[in-house]
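The values are calculated or read from the model by the stated rules, or taken from the named source; none is laboratory data. This structure is a prediction, so every number in the text was calculated from the model and none was measured. Virtual Cβ from ideal backbone geometry, glycine too; neighbours counted across all protein chains shown. Remember, those area values only see protein heavy atoms, side chains included, never the ligands or the DNA or RNA. Shrake-Rupley method; radii C 1.70, N 1.55, O 1.52, S 1.80 Å.
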Amino acid sequence: MFASKLLTCSALLMLSGAVLSQKLKSLPGAEFKIPDTTSELTSTSTSTSTTSTTTSTSTSTTTPPKTSTTSTESPKTTTTPGPVPTTTHAPQPYPAPSVGTWNASCIMLQMAAQVNFTYEAKDGNFTHGLYNIPSNASVEDVECASQTFQVIHLNWGPDISKQSFLMYFDKKNDTTVLSSIQIHLNVLTEDFPDAKENQTIQLIHRGDGEFKTPEKMSYHCTRVQKMNLTETLDAKQLIGWISVSHVQVEAFRTSNATGFSDVHDCDSSETSDVVPIAVGIALAALILVVLISYLCARRRSTSRGYMSF
């Protein structure tokens, strides 16, 4: 009886192994091994008093399926470098002029000045150039003897090519005014590489009431003022201009003066006496017209009253 049950259990175990192997085969890509099951059944002799049965059963071992791993490497791409971009720097602006101060006893001048002029290039064309009056220019000469006309003369540069700047002042009716400006420039290749060699340019400004100042006062103006330049005093064709700023100038100073006199600013209000006089006359005429109209109306009303009686 016991032997039959043992045989039944062994048969069920083998059937379970066969079913498991069929399922593993049905899985895609699975590799497996069919387990080896060995059953040994041994029956020995039966004696009268004791029946011994020995059964040896081998245990089945299932090896898990091996899974193969495939590594996929992306293809290497070689990039060819493009052209290296170049950086173009914008041209630097011409530097602003520095403020200089010059004292020539009868004339004291402080300003920053820049000249814009036309010169001839090596190719025969005309082009514009900028030039700053140096703040370290020296006073070359001054005319102080006259009480109606004075001039200050500045120069700079090497002895073989002196540059000069002259400013003339007139005194009329107790008022000082700028008469003219003269500039003499040697166009040096060190400053203007494209310029034609051995050029000397004369620039002249004919005064038009600039720097007008009452007597014993100094003219002062911070803002930029532009004055036209021609080749001669009577020429009409413009060949450039001069821009001045931070100007303070006083001509016809006394010999013992140590600094600038009281300031007359260029932006101060300068209302002419003609305007208030004209306004006063207009008001007086208006009052007179109103008064005459009133008297005429009153006279008419009075005459009508006499006629009613």
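Of all residues in the range 198-208, those being assigned to a loop (DSSP other than H, G, I, E, B), at negative phi and open to solvent by 50 Å² or more (accessible area, probe 1.4 Å) number 1. Residue count for the range 179-196 satisfying the condition of being out of contact with any strand residue (DSSP E or B) (no Cβ under 6 Å at 6 or more places or on another chain) and either open to solvent by less than 30 Å² (accessible area, probe 1.4 Å) or in contact (Cβ under 8 Å) with a residue 40 or more places away in the chain (or both): 1.
Right, Ala113: under 30 Å from Phe211 (Cβ atoms), open to solvent by less than 100 Å² (accessible area, probe 1.4 Å), assigned to a loop (DSSP other than H, G, I, E, B) and at pLDDT 55 or above or not?
Numbers: under 30 Å from Phe211 (Cβ atoms): yes; open to solvent by less than 100 Å² (accessible area, probe 1.4 Å): yes; assigned to a loop (DSSP other than H, G, I, E, B): no; at pLDDT 55 or above: yes.
So Ala113 fails the test.
Just one of the listed residues (Ser138, Ser164, Ser146) is among the small types (Gly, Ala, Ser) and surrounded by 14 or more Cβ atoms within 10 Å (Cβ to Cβ), namely Ser164.
Run down Thr213, Thr175 and say which single residue is in contact (Cβ under 8 Å) with a residue 40 or more places away in the chain, of a type in the set (Val, Ile, Thr) and within 14 Å of Leu109 (Cβ to Cβ). Show your work before the answer.
Values: Thr175 fails: within 14 Å of Leu109 (Cβ to Cβ).
Result: Thr213 is the single residue among Thr213, Thr175 that is in contact (Cβ under 8 Å) with a residue 40 or more places away in the chain, of a type in the set (Val, Ile, Thr) and within 14 Å of Leu109 (Cβ to Cβ).
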